[in-house]
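Notes to accompany the following structure.
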Amino acid sequence: MIHDETAGGRIVGALELDVAGPVRLRELIRLRVREEVARYNARPVERFHGLVRPTAAEADLNGYLMPTPARIDWERQADAAEAAFERNGFFVLVGDRQVEDLDEELTLDEASRVVFIRLVQLVGG
């Protein structure tokens with residue numbers, strides 16, 4: 001189970017992924033993004049709820065507002081998510097440890113707690 005949390009620890013989303021065996025953080029991020037985009041593309045709506053903002057969308061309190069519901073390319077989203085991780089747009093905790101390298105191998109099981117925390121830029125900062 002993957003959780004999205006605020007920096008204060010409030011859960012704002014959850015996604016269950018079936019990950020068997022060791023996985024690199026890069027692969028986990030790409031699996032997560034692929035699943036989010038597949039769910040959206042199967043039923044496009046006004047807001048996209050995902051790790052990173054699609055190119056055409058505007059940031060919104062409840063996700064990313066799509067000007068018109070449109071198909072999203074999961075690979076572009078996954079590339080954007082990797083880039084966002086590299087520039088500290090979000091960070092990932094596995095258990096109580098922060099993972100800092102996209103190529104770090106993670107050993108996950110059903111009890112593993114994986115948390116994504118998106119960082120929000122301050123207005124004027």
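Pick from R71, R53: which is out of contact with any Lys or Arg (no Cβ under 9 Å at 6 or more places or on another chain), in a loop (DSSP other than H, G, I, E, B), buried (at least 17 other Cβ atoms within 10 Å of the Cβ) and modelled with pLDDT under 95?
Only one candidate qualifies: R53.
I need the full set of residues from region 7-39 which are within 20 Å of Q98 (Cβ to Cβ) and free of Cβ contacts under 8 Å to residues at least 24 places away in the same chain, in order please.
G8, G9, R10, I11, V12, A14, L15, L17, E27, L31 - these are the residues of region 7-39 that are within 20 Å of Q98 (Cβ to Cβ) and free of Cβ contacts under 8 Å to residues at least 24 places away in the same chain.
V23 versus (1) exposed (fewer than 14 other Cβ atoms within 10 Å of the Cβ); (2) over 14 Å from the mean Cα position of the chain (by Cα); (3) not hydroxyl-bearing (S, T, Y): which is the lone unmet condition?
Checking V23 against (1) exposed (fewer than 14 other Cβ atoms within 10 Å of the Cβ); (2) over 14 Å from the mean Cα position of the chain (by Cα); (3) not hydroxyl-bearing (S, T, Y), the one that fails is (1).
Quick one: D4 ticks every box in (1) among the acidic types (D, E); (2) more than 10 Å from the chain's Cα centre (by Cα); (3) part of a strand (DSSP E or B) except a single one, so which number is it?
Of everything listed in (1) among the acidic types (D, E); (2) more than 10 Å from the chain's Cα centre (by Cα); (3) part of a strand (DSSP E or B), D4 misses just condition (2).
Within region 15-46, track down each residue that is in a strand (DSSP E or B) and farther than 18 Å from A78 by Cα.
P22
Mind checking whether some residue in region 76-99 is open to solvent by less than 70 Å² (accessible area, probe 1.4 Å), farther than 22 Å from L119 by Cβ and assigned to a loop (DSSP other than H, G, I, E, B)?
No; the residues of region 76-99 include none that is open to solvent by less than 70 Å² (accessible area, probe 1.4 Å), farther than 22 Å from L119 by Cβ and assigned to a loop (DSSP other than H, G, I, E, B).
Would you mind telling me which numbered condition in (1) open to solvent by less than 60 Å² (accessible area, probe 1.4 Å); (2) assigned to a loop (DSSP other than H, G, I, E, B) Y64 fails?
Here Y64 clears every test but (2).
Only one of R113, R97 is over 15 Å from the mean Cα position of the chain (by Cα) and basic (K, R). Can you tell me which?
R97
The values are calculated or read from the model by the stated rules, or taken from the named source; none is laboratory data. If you're wondering where the values come from, they're calculated on a predicted model, not measured in any experiment. We place every Cβ from the backbone using ideal geometry, glycine too, and count neighbours over all the protein chains shown. Ligands, DNA and RNA are excluded from the accessible area calculation, which covers all protein heavy atoms including side chains. Shrake-Rupley method; radii C 1.70, N 1.55, O 1.52, S 1.80 Å.
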